[in-house]
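S.K.: Pasting a structure here, questions to come.
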Amino acid sequence: MSNEAAVAHVHRDDEGSKMGMWLFLFTELLLFGGMFILYASYRFMYPDNFKVAAMRLDTLIGAVNTILLLTSSLTVVLAITALRRNQKTFSLYLLGFTVVAGGAFLVNKFFEWSAKIHHGIYPKGPEMANLSDGESVFYGLYYVMTGLHALHIIVGLAFIIFMMVFIARGKQTGDNCQKLENAGLYWHLVDIIWIFLFPLFYLIH
Amino acid sequence: MENVSYLDYKGKHKGLLGWILSTDHKRIAILYLVSLIIFFLVAMTFGFLMRLEMLTPGKTIIDPQTYNALFTLHGVIMIFLFIIPGIPAVFGNFFLPIMLGAKDVSFPRLNLLSWYFYIGGAALVLISLFTGGGPIDTGWTFYVPYSLRTQTNVSLAVFAAFVLGFSSILTGLNFIVTIHRMRCPGMGWFKMPLFAWGLYSTAWIQVLATPVIGITLLLIILERFFGVGIFDPALGGDPLLYQHLFWIYSHPAVYIMILPAMGLVSEIIPTFSKKDIFGYGPIAMSSLAIAFLGYLVWGHHMFSSGISDTSRAIFSFLTFIVAIPTGIKVFNWVATLYKASIDARAPFWFVVAFIVIFSIGGLTGLVLGSLNTDIHLTDTYFVVAHFHYVMFGGMGLLFFGGLHYWFPKMFGKMYNEKIAKLGTLIFVIGFNGLYFPMFIMGYLGMPRRYYDYLPQYQIYHVISTIGSWVLIIGILILIFNLLKALLSKSNTTTELNPWGGTTLEWTVPTPPPLENFDVIPTVTHGPYYRPNLIKPEKSH
């Protein structure tokens, strides 16, 4: 490990900053990890109910959202490369696309949740009482996990919008873009969590 | 300008603002120190009231509901507001950068933010006492389904613990990056002081275990507000899963509590033994081993909860394995003392008391870790005694030990050592008077958390309550002795190295200046190397 970075808080330490971000991402993974453990246990406990409940989720919306998130992650990477090549405007456009795609994801999620709630499928909802224990746990997990994920999308979007402002003001530049990279890492994390949520809730029947 | 101490430094802000907006790691450490001691005294008072209530069977001074609230708050405040942040937040913040030869931690602003999370969490705990259904009465473990049903203000208290978890994560994250990135030239991993190794292992647990309790506590809140039914058996949930998730964090958390204390012991012992520590490598590695193994033993809190026999056997086996790295540490400390020219100054007294008390706590841990005896002893006062011996006798005692060890360096004042030693002695007598009878009455079947008891247990309760008075007298002597030293004008010291320590914090001015070092030092030897010592040629 190099030691030249030991010049206190006036120093700039990109490596350290990235390491801090990765550690933070570990904590996020473990936060969701707790939920994944619960999902696994309940799936094992109520395999049939989980199948029935999963059938009622709209695979199409889920798939569209997956495509949206994957593309938005790609544009973040491209935006970082663009900034490194000093193509500031192009970089901003790419990040703009990410924000739009992320926003579209949330809109889809909103319609998806509203449809469920409209049918009375929500905690303490009229339809929930008719469901088996396993199904109600499935929907409980569905709301908590996708809800928590949506919250992360919002945070990630805010993070990226801040970076766009920084880039526009010239505070993040081609040779000093560690903050943007960290924002990108965070966005990829949000993406990767969805990549696990999608099959677990929508695809496994 | 160069050598203005961190205490007198005038920055952008003056007065109190100069402290609560300062990103200097030393000032943040003092912020933590003051807040921690206040909460410690509050929780100690709750403990005192509980013991007073237990003096006689039936009602002595308070009603059962208040008693339930008291033991819950005693636990919540002691654990989340004192023991977990404890040594890392105070001494880690103050001394880790100095010991590594750095000017500050890697993320000074994040460091200040973590103190705000701490104070915010603490404020939420206090608010939860007076709003909603009143003080929480679930016990510090918040077990479902009771925590979902009780009318007391569980949601806010649990949210407070969630916020405090953030504080802990940020401190851990900061320390890991600091240790990786900020070591001064020449300080390889195996030339770090052992306190840094203790903090490093702790920091990994803070980062990797705390999020699990975060999500678990969040789920309690969601269940209470929306009835999502993930843990509620009435809605298909499984309360046992709550216990699993809770202990997946809370068992590693006991190592968050103890590892920094062990690191501190590894600092104090070589200083007062006047020689290099015996077994540097094994002590450093055993910290990592404890941190790692600590993840795998959570099930031993659930031996009587209805988990399968196979998993109980495995968890019991792994629990015994944890004793090995702990034993390695204790033996190496004792081996360091062997043939040393020991200078038994005040901080050393804490370490001796620690080794004895912690060994009792550790060995009774094995009694609880083995299945058959645990079935008999679980949820009795034996458990209460065990964890107070390891936690209070470990982290609590060493918190005061560290304070006495580093006090001259931190404040440039020297306290009265005779009174400190007297305070330690009274502390240890009171401590054993308070907790040892609990082993006996627990073995005889006195259940923990009960408001009332049968008359045959009274003799033990009386001894225990008297012990609590003695212990409190000891603690107050220690605190007042330090306060007196702090406030008096006459006993100022600028001596760099009052104890003859060898680590870098003893080379900076007393009290340390704002950025610690004018010139970043270069290290050529191990942390406890003493050049004038006659010894066999082997050296680090």
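The values are calculated or read from the model by the stated rules, or taken from the named source; none is laboratory data. Note that the structure is predicted; figures quoted are calculated from it, not measured. Quick reminder, even Gly has a Cβ in these numbers, built from the backbone with ideal geometry, and neighbours come from all protein chains shown.
S.K.: State which residue is nearest to A:Arg56 (Cα to Cα) when the search covers only the range A:117-136 and only residues that are part of a helix (DSSP H, G or I) and touching a residue at least 40 places away in the same chain (Cβ under 8 Å).
M.R.: Here is the first cut: in the range A:117-136, the residues part of a helix (DSSP H, G or I) are A:117-118, A:128-130, A:133-136.
Adding the requirement that they be touching a residue at least 40 places away in the same chain (Cβ under 8 Å) leaves A:133-135.
On the way: A:Asp133: 16, A:Gly134: 14, A:Glu135: 11 Å.
Only one residue tops the list, namely A:Glu135.
S.K.: Related question: Do the conditions hold for A:Ile195, that is, is it closer than 22 Å to A:Lys109 by Cβ, assigned to a helix (DSSP H, G or I) and of a type in the set (Val, Ile, Thr)? Step through it out loud before you land on a result.
M.R.: Working: closer than 22 Å to A:Lys109 by Cβ: yes; assigned to a helix (DSSP H, G or I): yes; of a type in the set (Val, Ile, Thr): yes.
Yes.
S.K.: What is the number of the single condition among (1) buried (at least 18 other Cβ atoms within 10 Å of the Cβ); (2) touching a Lys or Arg at 6+ places or on another chain (Cβ under 9 Å); (3) assigned to a loop (DSSP other than H, G, I, E, B); (4) not β-branched (Val, Ile, Thr) that B:Tyr453 does not meet?
M.R.: Checking B:Tyr453 against (1) buried (at least 18 other Cβ atoms within 10 Å of the Cβ); (2) touching a Lys or Arg at 6+ places or on another chain (Cβ under 9 Å); (3) assigned to a loop (DSSP other than H, G, I, E, B); (4) not β-branched (Val, Ile, Thr), the one that fails is (2).
S.K.: Here is a further query. Would you check if there is a residue in the range B:111-131 being over 24 Å from B:Tyr249 (Cα atoms) and buried (at least 24 other Cβ atoms within 10 Å of the Cβ)?
M.R.: Looking for residues that are over 24 Å from B:Tyr249 (Cα atoms) and buried (at least 24 other Cβ atoms within 10 Å of the Cβ), one finds none in the range B:111-131, hence no.
S.K.: Suppose we filter A:Leu29, A:Leu38 for residues that are within 19 Å of A:Tyr139 (Cβ to Cβ), part of a helix (DSSP H, G or I), facing chain B (nearest Cβ under 10 Å) and not polar (S, T, N, Q); which single one remains?
M.R.: Values: A:Leu29 fails: within 19 Å of A:Tyr139 (Cβ to Cβ).
Testing whether each residue is within 19 Å of A:Tyr139 (Cβ to Cβ), part of a helix (DSSP H, G or I), facing chain B (nearest Cβ under 10 Å) and not polar (S, T, N, Q) leaves just A:Leu38.
S.K.: Let me ask you something else. Would you confirm, using the coordinates I've provided, whether B:Leu478 is away from chain A (no Cβ under 14 Å) and surrounded by fewer than 19 Cβ atoms within 10 Å (Cβ to Cβ)? Outline the logic, then answer.
M.R.: Working: away from chain A (no Cβ under 14 Å): yes; surrounded by fewer than 19 Cβ atoms within 10 Å (Cβ to Cβ): no.
No: the conditions fail for B:Leu478.
Every residue, every condition in (1) over 21 Å from B:Thr465 (Cα atoms); (2) crowded, with 21+ Cβ neighbours inside 10 Å, yes or no:
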{"residue": "B:Val334", "(1), (2)": "yes, no"}
{"residue": "B:Leu337", "(1), (2)": "yes, no"}
{"residue": "B:Ala340", "(1), (2)": "yes, no"}
{"residue": "B:Asp343", "(1), (2)": "yes, no"}
{"residue": "B:Tyr389", "(1), (2)": "no, yes"}
{"residue": "B:Pro408", "(1), (2)": "yes, yes"}
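S.K.: In addition: Please state which one of A:Ala150, A:Ala53 is within 30 Å of B:Arg224 (Cβ to Cβ), more than 10 Å from every other protein chain (Cβ to nearest Cβ), more than 18 Å from the chain's Cα centre (by Cα) and of a type in the set (Gly, Ala, Ser).
M.R.: Only one candidate qualifies: A:Ala53.
S.K.: Any idea which of B:Val144, B:Val105, B:Val158, B:Val154 is of a type in the set (Val, Ile, Thr), more than 16 Å from B:Asn174 (Cα to Cα) and within 14 Å of chain A (Cβ to nearest Cβ)? Talk me through it step by step, then tell me what you get.
M.R.: On the way: B:Val105 fails: more than 16 Å from B:Asn174 (Cα to Cα); B:Val158 fails: within 14 Å of chain A (Cβ to nearest Cβ); B:Val154 fails: within 14 Å of chain A (Cβ to nearest Cβ).
The unique qualifying residue is B:Val144.
S.K.: Looking only at the range B:1-40, which residues are among the hydrophobic types (A, V, I, L, M, F, W, C), in a helix (DSSP H, G or I) and in contact (Cβ under 8 Å) with a residue 40 or more places away in the chain? Walk me through how you get there before you give the answer.
M.R.: Residues of the range B:1-40 that are among the hydrophobic types (A, V, I, L, M, F, W, C), as a first pass: B:1, B:4, B:7, B:16-17, B:19-21, B:28-31, B:33-34, B:36-40.
Adding the requirement that they be in a helix (DSSP H, G or I) leaves B:16-17, B:19-20, B:28-31, B:33-34, B:36-40.
Answer for the range B:1-40, where residues must be among the hydrophobic types (A, V, I, L, M, F, W, C), in a helix (DSSP H, G or I) and in contact (Cβ under 8 Å) with a residue 40 or more places away in the chain: B:Ile28, B:Ala29, B:Ile30, B:Leu31, B:Leu33, B:Leu36, B:Ile37, B:Phe39, B:Phe40.
S.K.: Before we move on, is B:Ile230 assigned to a helix (DSSP H, G or I) and either without any contact (Cβ under 8 Å) to a residue 40 or more places away in the chain or more than 14 Å from every other protein chain (Cβ to nearest Cβ) (or both)?
M.R.: On the way: assigned to a helix (DSSP H, G or I): no; either without any contact (Cβ under 8 Å) to a residue 40 or more places away in the chain or more than 14 Å from every other protein chain (Cβ to nearest Cβ) (or both): yes.
Spelling it out, it is not the case that B:Ile230 is assigned to a helix (DSSP H, G or I) and either without any contact (Cβ under 8 Å) to a residue 40 or more places away in the chain or more than 14 Å from every other protein chain (Cβ to nearest Cβ) (or both).
S.K.: Given the structure, is B:Phe246 touching a residue at least 12 places away in the same chain (Cβ under 8 Å) and in a loop (DSSP other than H, G, I, E, B)? Reasoning before the result, please.
M.R.: Values: touching a residue at least 12 places away in the same chain (Cβ under 8 Å): yes; in a loop (DSSP other than H, G, I, E, B): no.
No.
S.K.: Out of all the residues in the range A:114-171, which are farther than 27 Å from A:Tyr186 by Cα and of a type in the set (Lys, Arg)?
M.R.: Once the filter is applied, which keeps residues that are farther than 27 Å from A:Tyr186 by Cα and of a type in the set (Lys, Arg), the range A:114-171 yields A:Lys116, A:Lys124.
Condition check ((1) at pLDDT 95 or above; (2) of a type in the set (Val, Ile, Thr); (3) within 23 Å of B:Ile37 (Cβ to Cβ)) across all residues:
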site: B:Tyr460; (1), (2), (3): yes, no, no
site: B:Ser464; (1), (2), (3): yes, no, no
site: B:Gly467; (1), (2), (3): yes, no, yes
site: B:Leu476; (1), (2), (3): yes, no, yes
site: B:Thr493; (1), (2), (3): no, yes, yes
site: B:Pro498; (1), (2), (3): no, no, yes
site: B:Gly501; (1), (2), (3): no, no, no
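S.K.: Of the residues that make up the range B:195-205, is at least one in a helix (DSSP H, G or I), among the aliphatic types (A, V, I, L, M) and surrounded by fewer than 22 Cβ atoms within 10 Å (Cβ to Cβ)? Please lay out each step first, then the result.
M.R.: Step one: list which residues in the range B:195-205 are in a helix (DSSP H, G or I), which gives B:195-205.
Retained after the next criterion (residues that are among the aliphatic types (A, V, I, L, M)): B:196, B:199, B:203, B:205.
Filter again for surrounded by fewer than 22 Cβ atoms within 10 Å (Cβ to Cβ), leaving none.
No, every residue in the range B:195-205 fails to be in a helix (DSSP H, G or I), among the aliphatic types (A, V, I, L, M) and surrounded by fewer than 22 Cβ atoms within 10 Å (Cβ to Cβ).
S.K.: Oh, and also: I need every pair where a residue in the range B:310-336 that is without any contact (Cβ under 8 Å) to a residue 40 or more places away in the chain and over 29 Å from B:Glu267 (Cβ atoms) has its Cβ under 7 Å from the Cβ of a residue that is in a helix (DSSP H, G or I) and not acidic (Asp, Glu), sequence separation at least 6 or different chains.
M.R.: Close Cβ pairs satisfying both conditions: B:Ser311/B:Gly299; B:Phe315/B:Gly299; B:Phe315/B:His300; B:Leu318/B:Leu293; B:Leu318/B:Leu296.
S.K.: Now for a different question. Tell me which of these B:Thr60 doesn't satisfy, since it passes every other one: (1) at pLDDT 95 or above; (2) out of contact with any His (no Cβ under 6 Å at 6 or more places or on another chain); (3) surrounded by fewer than 24 Cβ atoms within 10 Å (Cβ to Cβ).
M.R.: (1)
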